[in-house]
Amino acid sequence: MKALILLSSLGVIALLAEIFSFKKLIYPIVLLGLVLAFILNMFDWDTNQLYFKMMQTDNYAIAFTSLIIVISFLWFIMAEGFFKEESNQSDHFALVLFALVGAVIMVSYTNMAMLFLGIEILSIPMYILAGSNKSDVLSNEAAFKYLIMGAFATGFLLFGITLIYGATGSFDLTEIATVVSTNTAISSIFYVGVLLMLIGMSFKVSAAPFHFWAPDVYQGAPTVITAFMATIVKTAAFAAFLKLFHTTFSSLGETWMHIVWVMAALTLLVGNITAAIQTSTKRMLAYSSVAHAGYMLLALLANNSFSNSAILFYATAYSIASIATFCIVSIVANAKGSDVVDSFNGLAKSNPLLAFVMTIALLSLAGIPPTAGFFAKYYIFTSAFTAGNAGLVLIAIIASLVGVYYYFRIIIAMFFKENTNNQPLEVTINHKLLLIVIAVAIILLGLFPESIISLL
Amino acid sequence: MITLLLIFFPLIAALLLLSVKSEQAKNIAIAAAVAEFVIAIFALTQFQYNASIQFEVNYDWIKSVGISFHVGIDGISMLMVLLTSFLVPIIILTSINTHYKNANYFYALILAMQMALIGVFVSLDGFLFYVFWELALIPIYFICLLWGGENSAKITFKFFVYTLAGSLFMLGGLIYLYLHTAGLHSFNISALYAAGRSLDFVQQGYVFWAMFIAFAIKMPIFPFHTWQPDTYTVAPTQGTMMLSGIMLKMGTYGIIRWLLPIAPLGVEHWAYVAIALSVIGIVYASCIAIVQKDFKRLIAYSSIAHVGLISAGILAINVQGMQGAMVQMLSHGVNVVGLFFIVDIIQKRTNTREIATLGGIRNVNPQFAVLFLIVLLGSVALPLTNGFVGEFLLLNGVFQFNAWMTAFAGLSVILGAVYMLRSYQSIMLGETNLITSSFAPLSGNEKLVLVILSAAIIVFGIYPKPLLDIAAPAVNQLIEGVQIALVK
């Protein structure tokens with residue numbers, strides 16, 4: 001809760017910067033503020049406070065909030081160029097910070113109204129940020145598409161919440177859960193409500209068949225914003241999704257599990273197979289982000305004691321690797337003027353550090369030991385196996401192999417192909433440091449995952 | 001402690017190599033590899049000749065899910081560690097006249113791979129085994145990709161995906177077993193053994209196939225072999241040696257250490273199919289080897305034939321077959337490295353590997369002809385060479401399983417003699433032609449490597465007992481354990 005207040009005030013401070021003209025200072029203030037928010041957040045560990053039956057700082061919420069803060073810290077360092085533009089600087093800061101507030105609400109809600117608020121607070125800044133590259137048609141298209149699709153999904157969600165309220169007379173998660181478990185004859189509109197909420201959440205996490213917006217939006221939006229959507233937004237959405245279905249609707253497994261089973265299988269296959277035929281790396285990463293949602297759905301579907309820590313670890317591993325890949329993609333695309341796979345040709349020779357970190361990040365995304373991505377996949381598979389979803393694990397294995405195909409296309413381009421366009425790459429010191437830290441973190445998390453999985 | 005040293009010394013050396021200049025890399029790599037061999041020999045002197053697991057190290061790793069860093073060496077592991085640490089310096093030595101660009105990375109990758117290989121051979125925890133198993137794949141992938149021949153990107157990628165597919169099935173199998181372990185789930189080898197044996201034969205059958213496919217792809221066994229000839233041909237000589245000399249043994253070792261004890265009923269139930277596949281592979285690969293024009297490719301196919309016999313011998317589940325497999329794993333490692341080195345020597349001097357264009361090298365360089373002949377005879381399993389001991393025991397083991405299978409498996413010896421002797425005849429004998437007339441004499445290093453390998457071939461052909469003795473107690477115990485599980 002303290003972290004939430006701090007983040008909101010940071011957003012306001014960022015807006016004030018324009019008025020009182022201390023724009024140059026916002027960047028350090030925000031970074032410092034994030035560190036402070038992380039520390040304050042950790043103070044709440046094990047306190048399990050309930051705030052007006054609206055939000056709860058249980059360990060689940062704190063773990064995901066911490067993850068979101070850490071990832072956003074890394075993201076701010078990655079996005080330093082984005083905040084150097086002369087105009088709209090403080091707006092951008094404020095929008096991102098308010099989006100973070102929404103994300104934190106999404107992971108700590110205990111009331112459907114808060115869930116809705118959180119999603120909206122997160123989404124509206126994202127609609128604007130997706131279009132922040134105003135002169136670019138694709139960026140405008142992305143913003144528009146995101147807005148339309150997002151509003152559509154919110155509509156479903158809201159309708160679902162309404163129907164559930166109609167059936168149970170409450171917005172509160174625990175009260176709904178009690179009604180569900182004690183009342184044997186729940187009104188049938190309740191089930192419709194659950195399905196509508198499922199659809200709404202699937203839109204937000206971009207699970208097939210509700211993923212169509214993702215590739216266009218991811219490709220059109222500025223790369224840093226894409227990175228934000230692929231990591232922080234996805235993590236928050238999954239945490240909210242999991243909380244809702246793992247606690248409140250858990251006892252109604254048979255109503256939604258078959259649907260999620262099919263969705264997980266579809267997401268894995270569609271995401272991976274479509275990613276394999278892309279030429280633009282950004283679009284490829286967009287589809288791969290869809291595919292990763294599929295793996296996380298496996299843990300959600302398992303609905304057992306592994307689920308929470310499996311999703312937390314997977315989100316961690318996936319997010320840090322994604323920050324690194326998007327950072328490198330944006331550096332390369334800026335220098336070469338294009339983000340096709342061929343832009344990576346010969347990167348190992350011209351810039352070994354980038355190639356090395358990219359390789360580690362891609363190996364992690366592909367799930368190859370000893371990286372964090374491997375343990376994340378292993379843990380997801382274990383949770384799915386425990387729940388008896390062996391068939392889905394088989395599909396996930398095949399999907400992973402397809403995944404290896406497209407991740408390795410970039411690795412092969414970097415190490416094997418000759419560079420034709422000798423445009424020198426400009427990598428700032430901060431980016432170098434960020435990439436080294438991420439590479440070390442990926443390996444360390446892969447070797448010692450216990451520190452994270454023992455949290456939940 | 002010595003186990004940890006064996007695993008991590010090559011890794012430290014590899015990291016060190018990254019920071020040195022390309023020119024010095026070769027010498028440092030050789031020094032490191034020889035030092036590793038010395039450590040292995042030291043371990044052998046401390047080794048007690050019984051079936052127990054020695055030099056055991058067991059740390060908690062990821063405690064909450066029952067994963068530990070559990071390593072140890074018994075007789076079977078000891079032989080594999082010896083083979084690895086013996087071959088790696090030899091393999092590095094064979095590259096002494098080759099000048100690779102970015103040599104420091106090249107040797108660092110070879111040493112990193114050695115670390116993973118040793119790790120595979122000493123792991124006593126299923127998860128750790130899997131991690132090392134996968135870890136071995138990354139260095140060899142980059143070795144083949146970056147220093148490989150024409151079209152290496154496509155071919156090595158096929159290799160990578162093929163083996164990764166197998167590995168993932170194995171991971172599925174391991175998780176399945178893990179969830180059947182009693183009490184708090186654990187990946188410890190004894191827990192996995194117990195879990196596997198508590199399953200009925202249908203479930204063991206699932207486990208068998210999940211793991212067997214991984215091992216079969218690695219070896220490779222027909223029909224999972226299609227990556228192998230291309231990869232062996234396109235890889236740089238040292239990469240091919242690592243693949244065929246050592247990495248292939250990960251598959252056979254995996255069957256012995258993990259598959260047999262975990263799923264004895266599954267193995268028994270499917271042994272007919274698996275051995276039949278192995279035997280088909282023997283005949284098929286031998287026949288294809290006969291018509292090969294490229295000598296390196298011919299040896300690649302001969303390797304499929306040899307390894308098919310090894311896997312058939314292991315799956316027959318008896319002491320003779322298993323002992324034969326142990327010996328043959330070592331012999332095959334030595335022989336195949338020798339043969340690929342001979343290919344490399346010929347190719348460097350003549351710029352071709354085409355058997356038909358060569359001829360009469362013996363007239364120019366009789367010394368080379370003799371050393372080549374010794375390695376070749378070891379490979380065709382002539383009595384008094386190391387190949388004979390292994391093949392004899394293996395055929396004996398398969399015979400106890402099924403006589404007809406043995407008849408076909410035995411063809412490997414005859415067909416092997418056909419393609420090897422024919423190619424020897426065509427390359428070394430006959431008229432010296434334009435290409436071979438200027439065949440330069442062997443350099444000191446080349447001589448050294450071939451003499452060491454020839455000595456190993458003859459010595460262990462005449463007196464294989466020291467090698468057999470290292471593994472015998474462990475092999476007997478393993479077979480007894482499996483047979484007890486089968487009787488129940």
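Details
- Selection status of B:Arg362, touching a Leu at 6+ places or on another chain (Cβ under 9 Å) and of a type in the set (Lys, Arg): yes
- Test set (1) in a loop (DSSP other than H, G, I, E, B); (2) under 27 Å from B:Gln328 (Cα atoms) - B:Met420 fails condition number: (1)
- Residue match in region B:304-322 (condition: crowded, with 24+ Cβ neighbours inside 10 Å, touching a residue at least 40 places away in the same chain (Cβ under 8 Å), more than 19 Å from B:Gly251 (Cα to Cα) and not hydrophobic (A, V, I, L, M, F, W, C)): no
- Scanning region A:273-286 for residues that are more than 17 Å from the chain's Cα centre (by Cα) and farther than 12 Å from A:Ile410 by Cα turns up A:Ile273, A:Thr274, A:Ala275, A:Ile277.
- Region A:222-257 - residue that is polar (S, T, N, Q) and closer than 29 Å to A:Thr178 by Cα and, of those, surrounded by the most Cβ atoms within 10 Å (Cβ to Cβ): A:Thr235
- Residue match in region B:364-371 (condition: surrounded by 15 or more Cβ atoms within 10 Å (Cβ to Cβ) and outside any helix (DSSP H, G or I)): yes
- Qualifying residue in region A:365-374 (condition: among the small types (Gly, Ala, Ser), surrounded by 24 or more Cβ atoms within 10 Å (Cβ to Cβ) and in contact (Cβ under 8 Å) with a residue 40 or more places away in the chain): yes
- Qualifying positions in region A:305-355 - touching a Leu at 6+ places or on another chain (Cβ under 9 Å), surrounded by fewer than 19 Cβ atoms within 10 Å (Cβ to Cβ) and more than 22 Å from A:Tyr218 (Cβ to Cβ): A:Ser350, A:Leu353
- For region B:191-205, residues that are closer than 24 Å to B:Ser64 by Cα and either within 11 Å of another protein chain (Cβ to nearest Cβ) or not in a helix (DSSP H, G or I) (or both) total 1.
- Residue check for A:Val192: in contact with a Leu (Cβ under 8 Å, 6 or more places away or on another chain) and surrounded by fewer than 21 Cβ atoms within 10 Å (Cβ to Cβ): yes
- Residue list for region B:460-487, filter: free of Cβ contacts under 8 Å to residues at least 60 places away in the same chain and under 18 Å from B:Ala263 (Cα atoms): B:Glu480, B:Ile484, B:Val487
- Qualifying residue in region A:66-88 (condition: in contact with an Asp or Glu (Cβ under 8 Å, 6 or more places away or on another chain), outside any loop (DSSP other than H, G, I, E, B) and under 30 Å from A:Leu173 (Cα atoms)): no
- Restricting region B:1-23 to residues that are under 21 Å from B:Leu128 (Cα atoms) and either small (Gly, Ala, Ser) or not in a helix (DSSP H, G or I) (or both), the residue that is modelled with the highest pLDDT: B:Ala14
- The conditions of being charged (D, E, K, R) and in a helix (DSSP H, G or I) are met by B:Lys26.
- Selected residue (only one of B:Val57, B:Val65, B:Val71 is more than 27 Å from B:Ala456 (Cα to Cα) and out of contact with any strand residue (DSSP E or B) (no Cβ under 7 Å at 6 or more places or on another chain)): B:Val65
- For B:Leu384, the conditions (1) under 24 Å from the mean Cα position of the chain (by Cα); (2) surrounded by 23 or more Cβ atoms within 10 Å (Cβ to Cβ) all hold with the exception of (2).
- Odd one out for A:Lys349, checked against (1) away from every other protein chain (no Cβ under 12 Å); (2) modelled with pLDDT under 90; (3) assigned to a helix (DSSP H, G or I): (1)
- Scan of region A:376-394 for residues that are touching a Leu at 6+ places or on another chain (Cβ under 9 Å) and within 8 Å of chain B (Cβ to nearest Cβ), ordered by number: A:Tyr378, A:Phe381, A:Thr382, A:Phe385, A:Thr386, A:Val393
- Annotation: of all residues in region A:395-413 being more than 7 Å from chain B (Cβ to nearest Cβ) and of a type in the set (Val, Ile, Thr), the one that is nearest to A:Leu456 (Cα to Cα) is A:Ile395.
- Residues located in region A:125-143, provided they are in a helix (DSSP H, G or I) and either closer than 15 Å to A:Pro215 by Cβ or touching a Phe, Trp or Tyr at 6+ places or on another chain (Cβ under 8 Å) (or both): A:Pro125, A:Met126, A:Tyr127, A:Leu129, A:Ala130, A:Leu138, A:Ser139, A:Glu141, A:Ala142, A:Ala143
- Selection count where residues are crowded, with 20+ Cβ neighbours inside 10 Å and away from chain B (no Cβ under 12 Å), scope region A:414-440: 5
- Any hit, region A:272-294, residues being in contact (Cβ under 8 Å) with a residue 24 or more places away in the chain and assigned to a loop (DSSP other than H, G, I, E, B): yes
- Selected residue (only one of A:Leu445, A:Leu362 is free of Cβ contacts under 8 Å to residues at least 60 places away in the same chain and either more than 9 Å from chain B (Cβ to nearest Cβ) or in contact with a helix residue (DSSP H, G or I) (Cβ under 6 Å, 6 or more places away or on another chain) (or both)): A:Leu362
- Of the helices (runs of 4 or more DSSP H) lying entirely inside region B:80-160, those containing at least 1 residues that are closer than 25 Å to B:Ser443 by Cα and within 14 Å of another protein chain (Cβ to nearest Cβ) are B:103-122, B:137-147.
- All positions within region A:36-71 that are within 20 Å of the chain's Cα centre (by Cα) and aliphatic (A, V, I, L, M): A:Ala37, A:Ala61, A:Ile62, A:Ala63, A:Leu67, A:Ile68, A:Ile69, A:Val70, A:Ile71
- For A:Ser90, the conditions (1) polar (S, T, N, Q); (2) within 19 Å of the chain's Cα centre (by Cα); (3) within 18 Å of A:Leu7 (Cα to Cα) all hold with the exception of (2).
- Residues of region B:173-190 that are away from chain A (no Cβ under 14 Å) and either in contact (Cβ under 8 Å) with a residue 40 or more places away in the chain or in contact with a strand residue (DSSP E or B) (Cβ under 8 Å, 6 or more places away or on another chain) (or both): B:Asn188, B:Ile189.
The values are calculated or read from the model by the stated rules, or taken from the named source; none is laboratory data. In this text the structure is predicted, and so the values were computed from the model without any measurement. Here the Cβ is made from the backbone with ideal geometry for all residues, glycine too, and neighbour counts use every protein chain on show.
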